[in-house]
Structures are given as C-alpha cells and as structure tokens.
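To start, the structure under review is shown below, and the notes come after it.
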Amino acid sequence: MADYWFREAVIYCVDVDTFQDSDGDGIGDLRGLIARLDHIARLGATCVWLNPIHPSPERDDGYDITDYYGVRPSLGTLGDFVELVHAAGDRGIRVMIDLVVNHTSDEHPWFRSARSDPDSPYRDWYVWAKDEPSDLRQGMVFPGYQDSTWSFDEEAGEWYFHRFYDFQPDLNMANPEVRREVDKIIGFWLQLGVSGFRLDAAPFIIELTVPDDPNPRQDFDWLGQFHRQLSWRRGDAVVLAEANVEPHQLTEYFGDGLRLPMLFNFLLNQRTFLALARSDVAPIIQALGEMPALPHGCQWATFMRNHDEVDLGRLVGREQEEVFAAFGPDPDMQLYGRGIRRRLAPMLGNDRKRLEMAYALQFSLPGTPVIRYGEEIGMGDDLALPERNAIRTPMQWADAPNAGFSAARRKRDLVRPVISTGDFGYPAVNVEDQQRDASSLLAWFQRAILTLRECVEFGTGDCQYVDTGHRDVLALVRAAPSGAMLALTNLGPTKRTIDLGPQEAQDGDPIDVFGDRDYAPASGQLEGLELAGYGYRWIRLRRTIGDRVATR
Ligand code: NOJ
C-alpha cells in the first residue's frame, strides 16, 4: 500500500527570519532554526514548512523572489539549508518550502531584462499589454494597499500584470520556457532533500491572463503535469496548495487524485471561525457537507491561523460581521475588508479553555494539521506593525533580552520588534517557562499532538457527523481500517450531557484517550457523556490489530 506520509503528518510553519537568530545580527537564520529543531521534535511535529527563504528585497515578507536557486544571505547559505534537511531528518522531521512561481520580484534579473529590452529572451516570461487595459483594478488581492493589477512600466513602455503588489510582476505561465524553469526549480530543491512544496497562489498560477479578458482560461492540466514531474523526481514528494476558491472548483484542483494531493481547507477555516463566534456547530457541518469527497491518496490541510490574515472572504456579509464583532471588532484589527490580522490567543481573549478547545477541534477535523510557529505557546500580535506583520513577530523563547530570539544589542537591528509587554509580552509568554510547567499550553500541545499521531484515524479516516441534539456540541466519528475515534467538542460555555447510543463503527468498550479533564469513562452505550463548557473528549470506539495498529 502506498505510504501517504502527509496524511498522518503534523506540519509546523516557520518564518526563518523571525524564529531564531544564531549570529546576533537581529535576523533569524537557518543555523538558529537547526538549533531549535528539538523544540519542534518535542512538540511532535513531523514536517516543517518554511516560508520563502530565497533572496528577496522582502517587500512582501520574502514572497517577492529575486533568485529561486539560492538562500537569502541573511538566513544563511545553501550549505546551511542542506544541514537543516539532514538535522531535521535525524529527528524524523521532513522539510517543505514555499514555491512562489506566480510572480517574481520586480528586481529579479528576468524582469529587469524583460522590461529593459523588447527583444530580451525574458520579455515573454511576463504578462504585458501594449494598450492600457480597460479594467486596471480587476481581481486585486490587497485592496487598500494595492492600487491596480496592471501597472505601466516606463522602461518597457507597456503595461504589466501583477495579481499582487506592483513589485510582484506575474510570470507568464502560457510560455513553455517558464514552465520548464519551474520544473528546474522543483528539481533543484528536491535534489537538496525537500519533501515537497507549499504552492503559493495556485489559482493564479494556472490562470492564463490576457488583457481585457474578464474570464481568463485556467489551465488545470498544468497542475497534473507539475505533479507528475515532481513525482518522477521524488515519489513521496507532496504539494500543499493554497487555493482559496469556491467549493465546487476544488474538485478541479484534486483532479481525481492526478493533480494536487493536498489543499488548505480555507472553507472549513472560515466556517470554523463563524461556528466559534456563534457557539454553533452548524457552519462546520455545512462546510463538511460542501467539501468535495477526497479522491484516493488526497488530503486536506487544516489550520486555525497562518502567516496571513484570517480570510473571511467566502462568508456572506452578515456572517463576516459576526466574526468581526466576535474576534476583531476594532477597524485596526481588520484587513483588506475581508480579514482579521490577529493571532488566535488574543482573538479568544487569551481564554485557555477556548484555546485548547479550538485546537482540539482543528485536530479532530478531517485533514493534516498545520500549526504556525508561536501558536503552541499562545503568542499574541502587535497591531502597531503594518498589515500582516502584526502576526509575524519574533518567536518568544525565554524571559530574556529580545525574548531569547536574538543576541542583537540594538533593538533597531531586530527584523521586527518582539512583543515585550502586557499579557502577550515575552515575560508572560515564552517557551522556556512553559517547558518547565506541566500545565502549560505548550505541554498541552505536546500531549495533544502525540495523542493525535497515535490516533491515525484523525488523519486518514472518513468523517461522520452525529447529531447530539445540542447546537453547540460537535460529535464526529472518524473511522479508518486502523479503528474508529469519536471526537466531541463543546463550542459553547455551557456544560452538556450527551447521549449518542452505540455507533456503527464501534466495537468493544470505548476508551477515553484525551480530554480537557478526567471525565467518568464512556460506557459502551455512549450515554450520559459529560462535557464541560468549552470541553472536548476523544474516545476510541474501535481498534483493529492488523496491518496498521492504532496504539491508543
Ligand atoms: C500568498 C501568501 O500567503 C501571501 O503571504 C503573499 O503575500 C501572497 N501569496 C503573494 O505571494
């Protein structure tokens, strides 16, 4: 049977330049990350995903690349990268990197050449219009911070297309040379040992933009070709794609298992926030119902927070307002008219019970969990920083100068200020203190993730919703060849008693394996199950001793 490692993985997302500085220059680096791998291993993560590490003027946190075959000098060298892959492998941790090929930086030598000479071999690597397109603002991603998607380039004497900021010209994916270059880029990093890529902006990469065409063709077949190329180079390499699209379009991205193997579940993320705001499971049930069935070998990736704003763009206006009111009421907490630029702990009022409940919920939903660095200790945000930088502050390692992130002597040298005061300042929230405290959030994450990894049904099982008669309680049965798990989550503050009755997937006595407290053990009848306000319980219903043993 194929080894779909990514379906049982726990992915930890690291922004190298804000994680750990090893040389005191104020910028996190690969050697710093290597030194902190044991933290990631102890957390139980099995894969790290690095936000872009390539050379970049960093006007979009590295998502504006000037060289796909290198490492940003402030982060280290290619040698350090290979050391990282090796050291991570020693700990059973795989490494994935961002693949950002929808666009380059406008400082990339390809674009410099393209704009300076109509006969440049790179001219057709970008998307140009000789005449001013009629709709300059169509499909902008960062309203309020971006003026247009077409900009006039004085040097080229033409208009160029940029889906994102004007310093990120789109590559022309209709050009076979560009596609060949993308193949070379993935081949290069696979050769250096990565286990896969987080594919940035997938819907825009496959869009074949033509000036004045409001409905450009999308080349879904390219996703298949891309994935085939990847698999030929390394059979177990994976692509985790960012495709925040309408539910009915998602099937095209999976392409019956022949295109992309793993997609972030943006729909579930947005509906989860709505469910949390309402203490009502209905939006989650709705999302589970709207999600297309996964083709064989495919997987969702779940997340609570990532490095961007919480994007509520797929909720209708009234629903968005509810989430804003609950979790981001100040205009300054909101971004691009559709999102919230906060970390989860402040959004939930730093309420430990709700935080645990929210992550226990994420872990029990279908998909591979992705966790952003700092979530495991409940880090906060800094709204004084612009746009999404609010949630990109340095990792808080200790109650020590610069939070133990850097030995830089001048604060102004830090890549971004550390959060130093208040409930989320590093004296109150840091790894070192939580490591010593068996009741800390970090200790909770470690237990939760280890239990999750033992209960492989969460990653691989199908998902059956069971009606509990309480609108605030979610009951999911996750059944797989290895066994079956029941996950109960109380989204509301009121204590509940749940009567389910024996479940189809059940066999033998149920066993409580994880919960917010010690409950009276579940009986085979699954009746009278106590659940505290914001409580959660994971109960094993069946265990199969066979080719795959579930250990709890
Ligand atoms: C999506 C990334 O998540 C975001 O951070 C970035 O700004 C855009 N793509 C452009 O690359």
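The values are calculated or read from the model by the stated rules, or taken from the named source; none is laboratory data. Nothing here was measured: the structure is a model prediction, and the numbers come from that model. Here the Cβ positions follow ideal geometry from the backbone for every residue, glycine too, while neighbour counts run over all protein chains shown. We work out accessible area using only protein heavy atoms, side chains counted, and drop any ligands, DNA or RNA first. Shrake-Rupley method; radii C 1.70, N 1.55, O 1.52, S 1.80 Å.
Details
- For a straight C-alpha distance cut-off of 20 angstrom, the lysines reachable from Lys495 (same-chain residues fewer than eight places away being disregarded) are Lys353.
- Both radii were evaluated on the Cα set of region 274-394; the Rg over Rh quotient, with Rh as the Kirkwood radius, amounts to 0.96.
- Modelled spin-label separation between Glu83 and Asp413, with each label point placed 7 Å from Cα along the Cα-to-Cβ direction: 1.9 nm.
- When the P(r) of region 109-161 is calculated, the portion above 13 Å amounts to 57% of the C-alpha pairs.
- Of the trypsin sites (Lys or Arg not before Pro) in region 398-453, those whose Cβ has at most 13 other Cβ within 10 Å and which sit in DSSP loop: Arg409, Arg410
- GluC sites (Glu not before Pro) lying in DSSP loop within region 414-506, provided at most 12 other Cβ fall within 10 Å: Glu504
- Between the Cα long axis of helix 317-327 and the first principal axis of the chain there is an angle of about 70°, rounded to the nearest 10.
- Probe 1.4 Å - accessible area at Phe264, Å² to nearest ten: 10 Å²
- Linear extension gain, Thr544 paired with Glu504, 0.36 nm per residue minus alpha-carbon span: 12.9 nm
- This model, with +1 at the C-beta of Lys and Arg and -1 at the C-beta of Asp and Glu, gives region 395-552 a dipole about its Cα centre of some 780 debye.
- Summing Cβ point charges (Lys, Arg +1; Asp, Glu -1) relative to the Cα centre of region 461-549 gives a dipole of roughly 200 debye.
- A cut-off of 5 Å between modelled amide H atoms, ignoring neighbours fewer than 5 places along the same chain, links Ala301 with Leu263, Phe264, Asn265, Thr368.
- Neighbour net charge for Leu263 - beta-carbon separation under 12 angstrom, K R +1, D E -1: 0
- Ranked by solvent-accessible area (1.4 Å probe, protein heavy atoms only, all chains present), the residues Ser116, Ser440 order from largest to smallest as Ser116, Ser440.
- In this rough spin-label picture, where each label sits 7 Å from Cα along the Cβ direction, the Gln464-Asp221 distance is 4.2 nm.
- Cleavage-rule hits (chymotrypsin sites (Phe, Trp or Tyr not before Pro)) in region 466-548: DSSP loop, at most 16 neighbouring Cβ within 10 angstrom: Tyr519
- Taking packing as the residue-averaged number of other Cβ atoms within 10 angstrom, the listed peptides 304-312, 242-250 run from highest to lowest as 304-312, 242-250.
- Compared with the direct C-alpha span, the chain from Asn350 to Leu192 gains 52.8 nm at full extension, assuming 0.36 nm per residue.
- Per residue, the convex hull volume that the Cα atoms of the chain enclose (Å³): 143 Å³
- Using 0.36 nm per residue and subtracting the Cα-Cα separation, the extra length available between Val316 and Glu155 on full extension is 53.7 nm.
- For region 1-55, size of Cβ-based charge dipole, Lys and Arg +1, Asp and Glu -1, in debye: 240 debye
- Using all pairs of distinct alpha-carbon atoms, the Kirkwood hydrodynamic radius of region 461-549 works out to 13.0 angstrom.
- Dipole axis of the chain (+1 Lys, Arg; -1 Asp, Glu on Cβ), positive-most option in Ser231, Pro203, Pro481: Pro481
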